[in-house]
Amino acid sequence: MIRNYIKTTSKIKKEVTFFLISDLHYFKPKDLKKCQFILEEIHKRKPAYLMIAGDLLDSTKVVHQHFFIDFIRACALETTILIGIGNHDITFIEEKKILYDGNKNFWKQLNKIKNVYVLDNTSFETDELCIYGFPYSYYYEKLDVKDFLNQYLIDTNPQKINILLAHDPTITSKYDMTSYDMVLSGHTHNGMIPKILEKMVKNRGFISPAKRLFPEKVRGRFQIKNTDIIISGGITKLSKRSKLGFLDIFWAHELTIITLKPE
């Protein structure tokens, strides 16, 4: 499934198109079959960037990670890839407890690939764009997220398009986002609502990742003052951490295409 969004702005001189995906939840090599359409769309539409809003992996303990790295390498032959980090990317489950693991070797390998940038508390800049990566590890290391945001809020460039890759969109209701033109997120898994029911429930979902029933704002585009919040419904809806993971085949894999146009 493809969603398209257009944003007009006076901050750019030339049209820019980029892809947004999230929640791939790679678990084993056969999972790459559902990612193949991404590579095909990149080849066909030639976006300037592929932005990934976290949860590339289902767990830090996933084996055969090199197959996924090869997939990213293939995408990077055709576009620049900017990666944000999600909660599954840095955690694993042991004795029914979620434990933190930075998974540093995985990120190191990705950063070695030409045209791939892991934005963990770092940014990527061009003449017209600044893309920042929210460090999801802050939630687990109990560091001051607000201080991090304040630092980036100060450092954003009002002359450029400022984009924040933040896996969990709930931070947009907790902190001031007005220095960013766009916040790109995932994490919600579309609220586990099939596409056929979206018009009926509007922006609501059936259940959130925090297991809250009927959550709001689980997909699509919203605005907080002048900031666009865009939430990807994700590639995977039910991860292999779930006992119902085998049912994932019944949900659509989502690709979001965002086009920035000059005013």
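The values are calculated or read from the model by the stated rules, or taken from the named source; none is laboratory data. Worth saying up front: this structure is predicted, and the values here are computed from it rather than measured. With ideal geometry, Cβ positions are generated from the backbone for all residues, glycine too; neighbour counts draw on all protein chains shown.
For the range 42-71, give me each residue that is more than 17 Å from the chain's Cα centre (by Cα) and under 30 Å from K14 (Cα atoms).
Within the range 42-71, H43, K44, R45, K46 qualify.
Among I235, I257, which is of a type outside the set (D, E), in contact with a His (Cβ under 7 Å, 6 or more places away or on another chain) and modelled with pLDDT of 85 or more?
Of I235, I257, the one residue that is of a type outside the set (D, E), in contact with a His (Cβ under 7 Å, 6 or more places away or on another chain) and modelled with pLDDT of 85 or more is I235.
Filter the range 12-43 for residues that are assigned to a helix (DSSP H, G or I), closer than 27 Å to V183 by Cβ and of a type in the set (K, R) and give the result.
The answer is K34, and nothing else.
Say we look at the range 1-33 and pick out the residues that are at pLDDT 90 or above, surrounded by 14 or more Cβ atoms within 10 Å (Cβ to Cβ) and among the charged types (D, E, K, R); which of these is nearest to G84 (Cα to Cα)?
D23
Name the residue, out of Y136, Y132, that is in contact with a Ser or Thr (Cβ under 9 Å, 6 or more places away or on another chain) and surrounded by 20 or more Cβ atoms within 10 Å (Cβ to Cβ).
On the way: Y136 fails: in contact with a Ser or Thr (Cβ under 9 Å, 6 or more places away or on another chain).
Every option except Y132 fails the conditions.
Which one of these is over 19 Å from V16 (Cα atoms), touching a residue at least 24 places away in the same chain (Cβ under 8 Å), of a type outside the set (F, W, Y) and surrounded by fewer than 20 Cβ atoms within 10 Å (Cβ to Cβ): I93, I85?
The match here is I93.
With D168, D248 as the choices, which residue is touching a strand residue (DSSP E or B) at 6+ places or on another chain (Cβ under 8 Å), of a type in the set (D, E) and closer than 23 Å to I93 by Cβ?
Only one candidate passes the filter, namely D168.
Hey, among Y132, Y152, which residue is out of contact with any Lys or Arg (no Cβ under 6 Å at 6 or more places or on another chain), at pLDDT 90 or above and of a type in the set (F, W, Y)?
Y132
Just to be sure before I move on: is A74 surrounded by fewer than 18 Cβ atoms within 10 Å (Cβ to Cβ), in contact with a strand residue (DSSP E or B) (Cβ under 7 Å, 6 or more places away or on another chain) and at pLDDT 90 or above in the structure I sent?
Here the answer is no, as A74 does not meet what is asked.
Using beta carbons and a limit of 7 Å, which pairs, at least six apart or on different chains, have the first residue in the range 234-263 and over 22 Å from F19 (Cα atoms) and the second one exposed (fewer than 15 other Cβ atoms within 10 Å of the Cβ) and modelled with pLDDT of 80 or more?
R241/I93
Answer with yes or no whether N87 is on the phi > 0 side of the Ramachandran plot, within 16 Å of the chain's Cα centre (by Cα) and not hydrophobic (A, V, I, L, M, F, W, C).
On the way: on the phi > 0 side of the Ramachandran plot: no; within 16 Å of the chain's Cα centre (by Cα): yes; not hydrophobic (A, V, I, L, M, F, W, C): yes.
Criteria not met by N87.
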